[in-house]
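All of the numbers you see were taken from the coordinates with simple rules; none came from a lab. Treat the numbers as computed from the prediction; the structure is a model and nothing was measured. All Cβ positions, even for glycine, are placed from backbone atoms using ideal geometry, and neighbour counts span all protein chains on display.
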Amino acid sequence: MSNETMNADGLTPEIICRNLDTVKENINKACIRTGRDPKEVTICAVSKLKPIEDIRIAMSSGQHLFGENYVQELVSKYEILADSAEWHMIGHLQKNKVKYIIDKVSLIHSVDSVSLAAQIDKEAGKKDKIMDVLLEVNIAGEESKWGFTADETLDAVKEISSLSNIRVRGLMTSAPYTEDAETNRIHFRNLKSLFDKMKKADIPGVEADILSMGMTGDYIVAVEEGATMVRVGTGIFGERDYTK
Ligand SMILES: *Cc1c(COP(=O)(O)O)cnc(C)c1O
């Protein structure tokens with residue numbers, strides 16, 4: 001590998017583009033296997049802890065949507081690329097930081113409390129904006145995870161959808177870490193069934209069309225189980241360096 005083609009993290013533009021193609025290909029196959037239209041599935045490329053150059057490379061091969069976890073990082077990347085890319089907030093969000101991202105992101109995946117939703121509503125109101133959100137569900141009931149329990153979710157959707165500057169678009173989950181994606185199939189199936197229940201409830205102000213589930217290790221299974229959005233980081237940009 002020449003230094004010219006290698007960026008700070010070691011993946012060449014060719015590899016990032018090839019990775020993106022592989023993810024698309026895997027999604028297409030999973031859709032075909034399960035009788036779904038591949039157009040129903042959107043890739044949110046998770047660029048956290050990755051340099052702006054990697055994002056530019058992905059953009060040059062047609063990727064438009066990026067997910068970030070940390071407010072400061074999102075803001076500094078936004079300052080460079082602005083609306084030439086579309087940004088989603090996918091990580092845990094503190095109430096006092098909502099104001100920094102409210103006018104920069106098109107979707108917040110990680111609404112995990114009614115009080116956070118109320119804060120988003122307030123800040124969106126100040127910008128005269130309707131903020132699209134997903135409710136994060138701790139579908140496997142893990143001790144360490146953010147999110148509503150499956151039992152709390154429908155009531156929370158009702159409460160949050162009554163806020164005037166928020167539009168609930170669906171649900172999101174991060175399934176347990178596993179070496180074997182098949183063990184998460186049940187969790188994806190459970191979230192899909194909660195999503196269908198939410199749709200059927202026909203709650204005013206809810207436009208349930210986004211089911212965000214599946215990461216590098218398990219997105220194929222998630223698509224087979226009905227994901228409409230997958231959040232893939234490592235599978236596109238390579239391993240992250242958390243020591244930086
Ligand atoms: C980091 C992260 C991802 C991407 O994880 P990969 O395993 O690298 O694909 C997806 N969703 C959330 C919420 C994340 O924090």
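The table below lists the values:
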{"read-out": "The stretch 97-181: chymotrypsin sites (Phe, Trp or Tyr not before Pro) in DSSP coil with no more than 10 other Cβ atoms inside 10 Å", "value": "TYR177"}
{"read-out": "Kirkwood estimate for the chain, i.e. one over the average of 1/r between Cα atoms, Å", "value": "18.3 Å"}
{"read-out": "The stretch 34-237: relative contact order in percent, alpha carbon pairs under 8 Å with at least 6 residues between", "value": "19 percent"}
{"read-out": "Relative packing of peptides 134-144, 216-226 - highest average C-beta neighbours within 10 Å first", "value": "216-226, 134-144"}
{"read-out": "Volume of the Cα convex hull of the stretch 155-244, divided per residue and given in Å³", "value": "127 Å³"}
{"read-out": "Rounded to whole Hz, the Karplus (6.51, -1.76, 1.60) HN-Hα couplings of the stretch 23-37, x for glycine and proline", "value": "4, 4, 4, 4, 5, 4, 5, 4, 5, 4, 4, 10, x, 9, 8"}
{"read-out": "Label zone at GLU182, where the point sits 7 Å out along the Cα-to-Cβ direction: the stretch 210-236 residues whose backbone N lies under 16 Å", "value": "218-222, 224-225"}
{"read-out": "FRET efficiency for TYR242 and ALA82, using Cβ-Cβ distance with R0 set to 22 Å, rounded to 0.05", "value": "0.20"}
{"read-out": "Extension gain from ILE52 to LYS39, taking 0.36 nm per residue of separation minus the Cα-Cα distance", "value": "2.0 nm"}
{"read-out": "Candidate lysines for bridging to LYS39, where Cα separation is under 22 Å - those fewer than 8 sequence places away on the same chain excluded", "value": "LYS24, LYS29, LYS192, LYS199"}
{"read-out": "Burial ranking of peptide ranges 18-25, 111-118, 207-214 (average Cβ count within 10 Å, highest at the top)", "value": "207-214, 111-118, 18-25"}
